[in-house]
Amino acid sequence: MRLSVIVPCRNEAAFIDAFVAGVLAQRLPAGTELELVIADGASDDGTRERLDALAAHEPRLRVVDNPERITPVALNRAIAASRGEVVVRMDVHTTYAPDYVAMCAQVLAETGAACVGGAWRPAGDGAIARAFRSRFGSGGAASRREAYSGPVDTVYLGAWRRDTLVALGGFDEALVRNQDDELALRITRGGGRVWQDARILSHYTPRENLGALWRQFFQYGYWKVAVIRKHRLPASPRHLVPFGFVATLALLALAAPWSALAAWGFAALGGVYALALLANGLLAAPRQALRVALATAAMQLGYGLGFGRGLFEMAVLRRGPRRGAAPGAAGPAEHRAAAAHPPHGVDRQTRCLSRPRCPSCRLPCPTSARPRSPRSWTRCARAG
């Protein structure tokens, strides 16, 4: 059996050596082969040079290009270049149990689920990690319940059988964020199961400061609207509550200069929320209560404002989601530059910047190096 680990990567020179070594040292059952496919997003800090140097001496490591520099493109290119029957996604800024990859494959076999993964566990005991773990901060999401095993809406990172990804057409490259949630949604709407297992252990490194945390959750809220719009689904209460709270506060604040009732309502609602934040902080970490409260507010208010902006742009103005809502996204000028100057190892006949679907495997056509397998990729490349 062959297992493929796929990884999106950009500007990780300080961490990439240790990450690659850790993945290749994963404990596997006898007779199991592992390959590591990393999609590099045009790194300019020496990451690509380090990866090429490592790949020159390690046949299990393969490197592909992601000149568009967004996660779903990286994942699809890595899937296209991989050859394993089971595909496991990993990220650089996460630490993994030594049997993480093997456990993903085992749980897939045991449960028959279409996608499996572990809980979204934050590393460390800092204020942001404590806010992540708190039930008030997570909104009760099952994916944050570290001891839970069972069906969920989505999992952290994820693992799939290759034929599942092929049948689904891979990740939606129009979604800068929430592409994993959207793939899980397609699985469940098609009758498959997404399964979380407490034995699949990893620890995610949270954002370092409140500003970065705010931007992260703002983007989650914004792109959640794109997922809801694509599938024409009603938003769940867990997604609507942050937006409803932010919208109510904003309306009361706007009306406060002309209405004493609105002013009192704004003060009361804001005061109750501040007390709830502080109480949650005291329960989560008494010595860090204020920072936990601020981190929780950054997650909830950032998500609510992002959702509101997405709703206004996509539902009211009828615009499509904007890649510019996420930093580092490639714009039209970068796409033209990629077309004029093919990335490392690409010849012009295998470029496919319009990214049509392969008629055989239904994954988006890769625009990186000439694909090695399956043969359907060659047909897709020529069609592009």
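Quick notes
- Residue order, fewest to most beta carbons within 10 Å, for C104, C9: C9, C104
- Ranking of I200, I187 by neighbouring Cβ atoms within 10 Å, starting from the fewest: I187, I200.
- Relative contact order for segment 36-154, counting Cα pairs under 8 Å that sit 6 or more residues apart, in percent: 17
- Ordering of 303-313, 118-128, 206-216, 270-280 by packing [mean C-beta count within 10 Å, highest first]: 303-313, 118-128, 206-216, 270-280
- Cβ crowding within 10 Å averaged over residues, with 160-173, 249-262, 12-25 ranked highest first: 160-173, 12-25, 249-262
- Inverse mean reciprocal Cα-Cα distance (Kirkwood Rh) of segment 212-325, Å: 15.2
- Segment 1-92: translational diffusion in µm²/s, Stokes-Einstein, Kirkwood Rh over Cα pairs, 25 °C, 0.890 mPa s: 188
- Relative contact order, percent, segment 212-325 [alpha-carbon distance under 8 Å, six or more residues apart]: 47
- Projecting the Cα atoms of V292, L261, L311 onto the charge dipole of segment 212-325 (Cβ charges, centred on the Cα centre) puts L311 farthest toward the positive pole.
Quick note: the coordinates plus some simple rules give every number you see, no bench work behind them. Remember, it's a predicted structure, so these values are computed and weren't measured experimentally. We place every Cβ from the backbone using ideal geometry, glycine too, and count neighbours over all the protein chains shown.
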